[in-house]
Amino acid sequence: MFSLEHKKVKQVRYWLLFFCIWGLAASAPAQQLPELINNPQFRPDAQAAVDSIYNFNFDGAEKALASWKKKYPHHPLWTLLDGMKFWWGVLSDLEDTSNDEQFYHMMKKANYQAGKLLQKQPSNADALIIKVISNGYIARQYSNRDEWITSLNYARKAMSAYNYLKKVEPSLADLKLAEGLKLYYSAYLPEAYPIVRTMSWFLPEGNKKKGLALLRQASKEAIFARAEAKYFLGNINYNYEKNYSTAVRYFEELQSQYPRNNYYARILVKTYYKQHRFSQALQFINETMNRWQKKQLPYENVMQEELLTWKGKILERQGKREQALENYKRAFSAGSQLPNTTKRPFYVVSGYEAGKILYHQKKMQQSRSYLKHIVNASTKSAYRDKAKHLLSEMK
């Protein structure tokens, strides 16, 4: 759970699939037509709306675009933005699969509406960017579920629209996100994975430095992709470039810009922990949990499950076992109230750690209770094997 290797392997698998379909996108003659995305008065309102969505301020997003929605009530952009709002509920708790189908439906609807617009206006940049984003989100979620063939199919659709959009709107700042990722990973993958070198003929020509530069530009200039570009800059610097201080700075900026976003708060805590910045992590956890409770922000149980597990691990490293135990118990309790409990990684971690401390305190009955829950969990985790071992030691 706390190793980055599984996540990195999933990312590499996704990008290999992504690049396999890079050259398959269809092209068409460009034709410039008026669109909202090219209206200089619309862009700042759209940026404000997207920022509000990322900050879980959905009412703010509605207010930012109210006049535009009134003027163009049937524009497919509004369906896309509704899907983006819903996405943050999905991403906030990926172990909960109950919202997947509705999310797919919303993004497919946005894609369909954009397709209808393109039938009338074949080069409409609004419709093309909607197709890129909606299919990209669908591909991302299917990859989260390890459904790689389906993910590949939607990634292909996203790339088809992207390649056409690049012809129609070559200066659009949002395109720099995909172009930057393409350049970076096309250079990184052959370096990191020898097997990829033997198949490097299917990759576009890569350049890590240029890729990162484009991501930095997107993080400042894009309408829809600013936060995503900043996230990838943090992720790439942390996992691949090993520029940890740079990565932390990007994650801190995301959390500061979107203080109501539980996902970015959790990433920052994990990054602090991985860098042994325990004092910062503890201070941030305490302040964040107090703020979530005081303001009644959404996904408090998800936050408790993860952040209190990290807090327990920090306190245990500091020799404060009793306090660590209390935090593990609270994290385990929070996870018990969330969907798909037995598949939740932090439920397994907190339950095992609580059972382990109780075992060393000779409180065998309490320890056994926690450990049995972990052994019976359905998620793949080394903590299950550790729990089995401790239970065997009790016999």
* Asked: Can you tell me which of 254, 268 is within 30 Å of residue 341 (Cα to Cα), free of Cβ contacts under 8 Å to residues at least 24 places away in the same chain and under 18 Å from the mean Cα position of the chain (by Cα)?
  -> 268
* Condition met for residue 214 (at pLDDT 95 or above, within 19 Å of the chain's Cα centre (by Cα), in a helix (DSSP H, G or I) and under 30 Å from residue 40 (Cβ atoms)) -> no
* Report whether or not residue 343 is basic (Lys, Arg), under 20 Å from residue 263 (Cβ atoms) and surrounded by fewer than 22 Cβ atoms within 10 Å (Cβ to Cβ). => yes
* To do: Name the one entry in 350, 381 that is at pLDDT below 95 and either under 18 Å from residue 310 (Cα atoms) or not assigned by TED's automatic domain parsing to the domain that holds residue 307 (or both).
  => 381
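The rows are residues; the columns are (1) free of Cβ contacts under 8 Å to residues at least 24 places away in the same chain; (2) among the small types (Gly, Ala, Ser).
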{"position": "314", "(1), (2)": "no, no"}
{"position": "321", "(1), (2)": "no, no"}
{"position": "326", "(1), (2)": "yes, no"}
{"position": "336", "(1), (2)": "yes, yes"}
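The values are calculated or read from the model by the stated rules, or taken from the named source; none is laboratory data. It should be emphasised that the depicted structure is a prediction, and the values quoted were computed from it without experimental measurement. Reconstructed Cβ throughout: ideal geometry from the backbone, glycine too, with neighbour counts over all protein chains shown.
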